1. Take the residues of the range 76-87 that are aromatic (Phe, Trp, Tyr) and part of a helix (DSSP H, G or I): which is surrounded by the fewest Cβ atoms within 10 Å (Cβ to Cβ)?
2. Keeping to the range 88-144, report how many residues are over 20 Å from the mean Cα position of the chain (by Cα), assigned to a helix (DSSP H, G or I) and not hydroxyl-bearing (Ser, Thr, Tyr).
3. When the range 96-109 is examined, which residues are found to be in contact with an Asp or Glu (Cβ under 9 Å, 6 or more places away or on another chain) and surrounded by 14 or more Cβ atoms within 10 Å (Cβ to Cβ)?
4. Would you say LEU93 is outside the structural domain of HIS2 (by TED's automatic domain parsing), in contact with a helix residue (DSSP H, G or I) (Cβ under 8 Å, 6 or more places away or on another chain) and at pLDDT 95 or above?
5. Determine whether SER67 is farther than 20 Å from ILE149 by Cβ and in the same structural domain as SER130 (by TED's automatic domain parsing).
6. Determine if the range 60-77 includes at least one residue that is over 17 Å from ASN143 (Cβ atoms) and touching a residue at least 40 places away in the same chain (Cβ under 8 Å).
7. Which one of these is at pLDDT 95 or above, outside the structural domain of ALA135 (by TED's automatic domain parsing), at negative phi and surrounded by 15 or more Cβ atoms within 10 Å (Cβ to Cβ): ALA6, ALA39?
Amino acid sequence: MHKYEARVSWSRGTGEKFTDNRYSRAHEWAFDGGLAVKASSSPSVVPLPLSAADAIDPEEALVASVSSCHMLYFLFFAAKRGFVVDSYVDSALGELAKGENGKQLISRITLRPRIVIGGEKRPSPDDLASLHHAAHEECFIANSLKSEIVVEPVLE
């Protein structure tokens, strides 16, 4: 079993009352290896200036996590099958909606990878579909979610 840790830090700061709910949602995420990133609630959930537009929000991070996991498995399976991937750029999209219980959730994540294949061996449309299917099946991030995950690949 593997364990993954993140440190999430927030501080009220001076001049903020807190109980009026008008406090900054800006905070920091820190990861092993020393990487720290600015984080905040999404400005679409908590309006500016109470959120930080220049910070990553949990919704974006969830979408990026699914995209990254899918990509890493896609690259793994493509290499095993002898395809040379020159680039993989995904413009992933997450959609926030109300669930059946009336609570908000990321209901759908659409992965839209643009993939450039080099080398002589070229994947057929069936090969491409098979690679994405295998990547989706193995992505433990996607397997952890109840969101619908759709892959709309473009092979260049």
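The values are calculated or read from the model by the stated rules, or taken from the named source; none is laboratory data. What you see is a predicted model; the values in this text were computed from it and never measured. Heads up, the Cβs are rebuilt from the backbone with ideal geometry, glycines too, and the neighbour counts pull from every protein chain shown.
1. Looking only at the range 76-87, we keep the residues that are aromatic (Phe, Trp, Tyr), and these are 76-77, 83.
Applying the additional criterion that residues be part of a helix (DSSP H, G or I) yields 76-77.
Values: PHE76: 14, PHE77: 18.
Here the residue is PHE76.
2. Looking only at that region, the number is 5.
3. ILE106, SER107, ARG108, ILE109, listed by residue number.
4. On the way: outside the structural domain of HIS2 (by TED's automatic domain parsing): yes; in contact with a helix residue (DSSP H, G or I) (Cβ under 8 Å, 6 or more places away or on another chain): yes; at pLDDT 95 or above: yes.
When the stated conditions are applied, LEU93 passes them.
5. Working: farther than 20 Å from ILE149 by Cβ: no; in the same structural domain as SER130 (by TED's automatic domain parsing): yes.
Criteria not met by SER67.
6. Within the range 60-77 (the criterion being over 17 Å from ASN143 (Cβ atoms) and touching a residue at least 40 places away in the same chain (Cβ under 8 Å)), the answer is no, since none of the residues qualifies.
7. Working: ALA6 fails: surrounded by 15 or more Cβ atoms within 10 Å (Cβ to Cβ).
None of the others qualify; the one that does is ALA39.
Residues are listed down the side, and each one gets a yes or a no for (1) farther than 30 Å from LEU128 by Cβ; (2) of a type outside the set (Phe, Trp, Tyr):
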position: ASP20; (1), (2): yes, yes
position: TYR23; (1), (2): yes, no
position: GLY34; (1), (2): yes, yes
position: PRO47; (1), (2): yes, yes
position: ALA53; (1), (2): yes, yes
position: PRO58; (1), (2): yes, yes
position: PHE74; (1), (2): no, no
position: LYS80; (1), (2): no, yes
position: ASP90; (1), (2): no, yes
